[in-house]
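To start, the structure itself, in C-alpha cells.
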Amino acid sequence: MTYATVMVSLAFDQPNEARLEAAGEVAERFEAAIIGIAASQFSPPLYFTSGEQAQHLIDQGQASIEKRLSELEGQFRAATKSRGIDVEWRSAIDFPARYILQQARCADIIVSGADRGAFSDPLAFVSPKDLVMQAGRPLLIVPDSLVRFDLRSVLVAWKDTPEARRAIVDALPLLRRAKDVTVAEILEQGGSRSAALSRLRDVTAWLSRHGVAASALVPDPREGRDATVQLDGIAADAGAGIVIAGAYGHSRFREWILGGMTQHLITPSACCVVLSH
C-alpha cells in the first residue's frame, strides 16, 4: 500500500503555506501526484434587489471568486513547481464541502488545515470535520505553525474500535517511513491495564508483520486529567511529529457531531494529525 495521489484543500481566508509544504513533502516521498483544490460559492446580499442591479452584484461576486481561485492556483503551482511531481489543479464556483467531497474519489489522502473554532462561512470554507467524516479518505490536518513535515516520531492513539483500525491501515505508508512508532492507549475509568497491554501487543505484532517496528505504551492513569490532556502529554514526551487516530462522531439533524477527542484533534495543535473514519 502507498499513496499515489495526494489532494490538498486550499482555504480562501486562511494561510495555506504549511499545508502546501506538507502535501508537497508527502507527494515527493511517495512519488505521488498532487492535486490542489478549492471552491467557493457566491453569497448574495441580504437586502432585496432585482433586475440589472441584481445581475451586476452577482457578476461582481462571481468575478471576485474567480480572481481568488486564480490566486490560489498560482500559490499552489508556485509551491509545487520544484517538486518534480505530477501536478493538477481543480476549482469551481460551488459549495466547497460539496465540491471537495465529490472530488475526493480520486485521492488516497487529503491534506487540510485545522478547524479554528470560530464561525466559518460554509460558502467559502470546508471544515476538516466534514472532510474526515464524509470523504471516505484519511485526512492529514496540518497546523499553520508547521516548519517541517516530521516523520521521525509517530504516535498512534489506539482505541479498540473500527475507526482506530481503519486509521492505522490508512496510515501504513507513513508508519513505514517513520523512525520511531509508539502505540498508546489511554485507560478509561475502571479499565484494565493488563487488558490494554494485551490489545497493544496484538497491534504492534500486526504492525511488525507489515514492516513497522513499534513500541506499546499504556500510561499510568492521572487522576482528574482529561484524555485529551493526557494524549497531548504523551505526544510531547514522544516528540511526535504526527498523531494517528480514529475519528468518532455521528450525524444528528444533518450536522456532524464529533466526540471530544476528535474535536480536540481537528483544532490547531503542535503537530500534524492523521484521522480516519
- Kindly work out what percent of the DSSP beta bridges joining two residues of the chain are antiparallel, to the nearest 5. 15
- Task: Give the Kirkwood hydrodynamic radius (Å, one decimal) of the range 153-276, defined as one over the mean of 1/r across all pairs of different Cα atoms.
- Result: 14.8
- Note on the structure: Net charge near LEU265 (other residues with Cβ under 11 Å of its Cβ; Lys, Arg +1; Asp, Glu -1) is -1
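When only C-alpha pairs under 8 Å and at least 6 residues apart count, what is the relative contact order of the range 153-276, in percent?
Computed over the range 153-276, the figure is 33 percent.
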- Message: Once you keep just the Cα pairs under 8 angstrom separated by 6 or more residues, what percentage relative contact order results for the chain?
- Response: 21
- Task: Rounded to whole Hz and in sequence order, give me ³J(HN,Hα) for the range 102-108 from the Karplus expression 6.51 cos²θ - 1.76 cosθ + 1.60, θ = phi - 60°, writing x for Gly and Pro.
- Result: 5, 6, 4, 4, 9, 10, 8
- Note on the structure: Of the candidates SER269, LEU207, ALA245, the farthest towards the positive dipole end of the range 153-276 (Lys/Arg Cβ +1, Asp/Glu Cβ -1, centred on the Cα centre) is LEU207
- Query: Antiparallel as a % of all DSSP beta bridges within the range 127-277, to the nearest 5?
  - Reply: 30
- Long-range amide H partners of THR267 with built H, under 5 Å: ASP115
- Cβ-Cβ cut-off under 14 Å around GLU71, Lys and Arg +1, Asp and Glu -1: the net charge is -1
- Item | Value of [θ]222 nm, deg cm²/dmol, for the chain, DSSP H segments ≥ 4, -39500 (n - 2.57) each, nearest 500 | -12000 deg cm²/dmol
- Local electrostatic count at LYS179 - Lys and Arg +1, Asp and Glu -1, tallied over other residues with Cβ under 15 Å: +3
- Would you grab the residues whose amide H sits under 5 Å from the one on ASP180? Only those 5+ places off in sequence or on another chain, please, with H modelled 1.01 Å from N. SER153, VAL154
- Task: Could you grab the relative contact order for the range 127-220? Cα pairs under 8 Å, six or more apart, rounded to a whole percent.
- Result: 26
- Query: Under a point-charge model restricted to the Cβ atoms of Lys and Arg (+1) and Asp and Glu (-1), what is the dipole moment magnitude of the chain relative to its Cα centre, in debye to the nearest 20?
  - Reply: 740
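Laboratory data are not the source of any read-out in this text; all were calculated from the coordinates shown. These figures come from a predicted structure and were not determined experimentally. No Cβ is skipped: glycine too gets one built from the backbone with ideal geometry, and neighbour counts run over all protein chains shown.
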